[in-house]
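One structure below.
The values are calculated or read from the model by the stated rules, or taken from the named source; none is laboratory data. Treat the numbers as computed from the prediction; the structure is a model and nothing was measured. Heads up, the Cβs are rebuilt from the backbone with ideal geometry, glycines too, and the neighbour counts pull from every protein chain shown. Surface accessibility is based on the protein's heavy atoms, side chains included, excluding ligands, DNA and RNA. Shrake-Rupley method; radii C 1.70, N 1.55, O 1.52, S 1.80 Å.
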Amino acid sequence: MSVVGFSKIPSETPRRFYAHSTGREDCADWQLLAAHLGNVAQMAAEFAGIFSAEGLAFIAGLLHDFGKYTQEVQRRIAGENIRAEHAVQGAQTAIQHYGEKRGTLLAYVIAGHHAGLANGREGQTRASLKERLARRGIPELLSAWQTETSLPRQCPLPQGFKPHAELAMFQLSFLTRMLYSCVVDADFLDTEAFYDSIEGRPSLRESGPPLTALQAKLNTRLAAFKADSEVNQLRNHILQHVCKQAALPQGMFSLTVPTGGGKTLASLAFALEHALKYQLRRIVYVIPFTSIIEQNAAEFRKAFGELGEAAVLEHHSAFDNDTIKEKHSRDKLRRAAENWDKPVVVTTAVQFFESLFADRSSRCRKLHNIAGSVIILDEAQTLPLKLLRPCVAAIDELARNYRCSVVLCTATQPALNANEGFSNGLTNVRELAPEPKRLYQQLERVRACHVGEQDDDALAKRLKESPQVLCIVNNRRHARVLFEAIRAEPGACHLSTFMCARHRSQVLKSIREKLRPENNLPCRLISTSLIEAGVDVDFPYVLRAEAGLDSIAQAAGRCNREGLRARDNSLVHIFRADAWPPPPELKQFAQAMRLTLRHHADNPLSLDAIHAYFRELYWQKGAEALDSHNILGLLKNGGIDGMPFETVARQFRIIDNLQRPIVVPFKADEEGESPVKALLQKLRFVENPGAIARALQPYVVQVPESIFRGLHHAGAVQAEEEKRFGEQFMVLANECLYDAHMGLRWENPTFVEAEKTTW
């Protein structure tokens, strides 16, 4: 039987070797293997040059598809339906030519460029590197590779690499993952470029406008800023001072500014100036909550004017590319999200840190584009405690060896420095803000104190007596009970994560209107902690259930935010609710807060109090609890041939609790009916439901698995188009379970047949 493409070749050995075919029998337009290997090697080396590892990356790129110099793989490329390994041969060649240490490092990258980075030994869901290298029946390399390619004699390590005495294997695994990123991205890009060229498609790769142009736009925006109040004058002072620090040498920075001090634009202005000073490539803005990422990205786009759309990339699970009407622009954005090739990337802490510890090409591909960046960690105190030590190790390594400058940006700076007792903590962290202690005094706009135990009757009394008041509690049940107690009062409203995003947006819009000084209408808001996630509201009085001191400070940021009221008339009262104790994960935070207040009761929001709180919290937790999955321990022992990439990726999960999405029939005030019904009807006529899924995102409520099961069992939640899409679209069938004020009411999911809605 002749092989497509080789039918005219009389011998069994092909005269030419190919990397990719076009599916046409005439192989004249197929991609030559030597060309692909050379392209990937060169591109990977260019990517790795930012962290001086171009020699390693070049070799890994050259060897990644070495297994295509085999008869079996060439037959598969030509169209035969056979399976043939092509990644292991290059890994074996790396060890043969460059020894056990450097060769094994390269072998992880080469062997995993499709399947993912494996454990060195004892694989879990995929074979370990050791097993793959020893596997029998691997197609044998043909000698022709020696005439088509030339391997470098030496395998140089990165120049100027700064070792960490206690984290040597962590550093080595980090380097391996970065090299992996360079190779897999180069492989994707070269393959994509080949097929784009063959099929006559224009390239959709655009890196965006230069940082110089973005800085000019931002400066124009900032020049129009009016320092027309005492608070705005202070914000302007902070901005000017922070920008002057941009000439400081690269490394670790903190930006400690009280809530409402203008951290967001100040950090962006610093990042642009600093990046241009040190020829860095992009700014990566890491935000803890998906609920505020869109508003920050929108603020950046607005600051960059007409360049904003091309400059700013949002990368998070809820971003809807389909809101961009023009298909070409949508496709460009999708491709940029694959490898973060934009000047400003706005992403979540989950996406950022889980990628740094990932093992799959889809997650790791962008990592090399983090090198040579200014990384701003917004609300740095929210880094997950259970993974805090590996997160700190990762940002330290980025600053130490990957030409990154990292800014810890927050009003409540965590005590992560080594000299504060944090295990393997940060060193030489420089403060960007002007005299933070003095700033806290100047921006002190509230009086905060602990008012002891408050039962629900006492809280309801306070809420009824105060026409404008925000009460933040620690769980949804408590919020509902309090709201029911004041529901009849003027301006009573409620916020929780059991309301869909569209619903929350409508409530917040109404709240802001009521609080406007010219309106000054009653507004009594009961909320869970989601209100603290960067939501811009300004109350004269805030009640906050016991929590971590950082949460208390965030709550205080919703009180007298613009400084328009006298400090003595702007109150933040911390209370204990014995009938509603904090959830287990919050108990230790509240305990550390209470201990801190023993010595700082007169000013619980001072910098000294905040530092004391974090030291107390980290001491209580202990070093082991700050790395609860032993990520650093897994990467400490075992040697280079036992690096556990797959295990680490499985263990490093910022969000553990499984949440299930439920589509709810919310209807905004200005809408005649909910758009949900029309969107679900469209499911009947589409093959790919991705666009509809994203359009439904604002109408989704995420619930824990146990609550989902209860609703599903009662028939209150049903799958839409189940035969085609399974449980992808779970819809609230009983509309009475979604309250216009409180969102999803799940306590009594009894399905009443008369109330059933047929979508």
**Item:** Filter result for K464 (closer than 23 Å to V663 by Cα and open to solvent by 40 Å² or more (accessible area, probe 1.4 Å))
**Value:** no
**Complete:** Selection from the stretch 64-122 of residues outside any helix (DSSP H, G or I), hydrophobic (A, V, I, L, M, F, W, C) and under 25 Å from R650 (Cα atoms) yields A87, A115, L117, A118
**Complete:** Over the stretch 548-568, the set of residues in contact with a helix residue (DSSP H, G or I) (Cβ under 9 Å, 6 or more places away or on another chain) and open to solvent by 10 Å² or more (accessible area, probe 1.4 Å) is D550, S551, A553, Q554, R561, E562, G563, L564
**Hits in the stretch 20-63 (condition: in a strand (DSSP E or B) and either open to solvent by 40 Å² or more (accessible area, probe 1.4 Å) or at pLDDT 95 or above (or both))** = L32
**Request:** Could you tell me which numbered condition D669 fails, if it satisfies all but one of (1) under 30 Å from G421 (Cα atoms); (2) surrounded by fewer than 16 Cβ atoms within 10 Å (Cβ to Cβ)?
**Result:** (1)
**Pairs where the first residue, in the stretch 71-90, is open to solvent by 30 Å² or more (accessible area, probe 1.4 Å) and small (G, A, S) and the second is part of a loop (DSSP other than H, G, I, E, B) and at pLDDT 90 or above, C-beta under 9 Å, 6+ apart** = G79/S21
**Message:** So if I check each of L571, L595, L617, L626, which one is in contact with a helix residue (DSSP H, G or I) (Cβ under 7 Å, 6 or more places away or on another chain), open to solvent by 40 Å² or more (accessible area, probe 1.4 Å) and either free of Cβ contacts under 8 Å to residues at least 60 places away in the same chain or among the hydrophobic types (A, V, I, L, M, F, W, C) (or both)?
**Reply:** L595
**Prompt:** Of all residues in the stretch 445-469 being in contact with a helix residue (DSSP H, G or I) (Cβ under 7 Å, 6 or more places away or on another chain) and in a strand (DSSP E or B), which is nearest to P704 (Cα to Cα)?
**Reply:** V469
**Request:** Could you check how many residues of the stretch 230-270 are over 16 Å from P436 (Cα atoms), of a type in the set (A, V, I, L, M), touching a residue at least 60 places away in the same chain (Cβ under 8 Å) and open to solvent by less than 20 Å² (accessible area, probe 1.4 Å)?
**Result:** 2
**Message:** Return the residues of the stretch 702-741 that are within 21 Å of R476 (Cα to Cα), touching a Pro at 6+ places or on another chain (Cβ under 7 Å) and touching a residue at least 40 places away in the same chain (Cβ under 8 Å); say none if nothing qualifies.
**Reply:** Q702, L711, L732, E735, Y738
**Fill in**
In the stretch 603-641, residues that are closer than 22 Å to L105 by Cα, not charged (D, E, K, R) and not in a helix (DSSP H, G or I) total 4
**Request:** Only residues that are out of contact with any strand residue (DSSP E or B) (no Cβ under 9 Å at 6 or more places or on another chain), at pLDDT 90 or above and open to solvent by less than 80 Å² (accessible area, probe 1.4 Å): list them for the stretch 580-592, please.
**Result:** F589, A592
**Item:** Residue among R403, R389, R438 that is of a type in the set (K, R), part of a loop (DSSP other than H, G, I, E, B) and open to solvent by 10 Å² or more (accessible area, probe 1.4 Å)
**Value:** R403
**Message:** So the check is Cβ under 7 Å with 6+ separation or different chains; which pairs have a first residue in the stretch 160-175 that's at positive phi and a second one that's open to solvent by less than 60 Å² (accessible area, probe 1.4 Å) and not acidic (D, E)?
**Reply:** G160/S52
**Asked** Applying the selection to the stretch 189-229, what residues are part of a loop (DSSP other than H, G, I, E, B), over 30 Å from A45 (Cβ atoms) and either of a type in the set (A, V, I, L, M) or open to solvent by 40 Å² or more (accessible area, probe 1.4 Å) (or both)?
**Response** A224, F225, K226, A227, D228
**Request:** Scan the stretch 107-137 for residues that are of a type in the set (V, I, T) and open to solvent by 10 Å² or more (accessible area, probe 1.4 Å) and jot them down.
**Result:** T125
**Item:** Residue among I662, I692 that is part of a helix (DSSP H, G or I), open to solvent by less than 30 Å² (accessible area, probe 1.4 Å), under 28 Å from K509 (Cβ atoms) and not basic (K, R)
**Value:** I692
**Filter pass, R301 being within 15 Å of I376 (Cα to Cα), open to solvent by 10 Å² or more (accessible area, probe 1.4 Å), modelled with pLDDT of 90 or more and in contact with a Gly (Cβ under 9 Å, 6 or more places away or on another chain)** = no
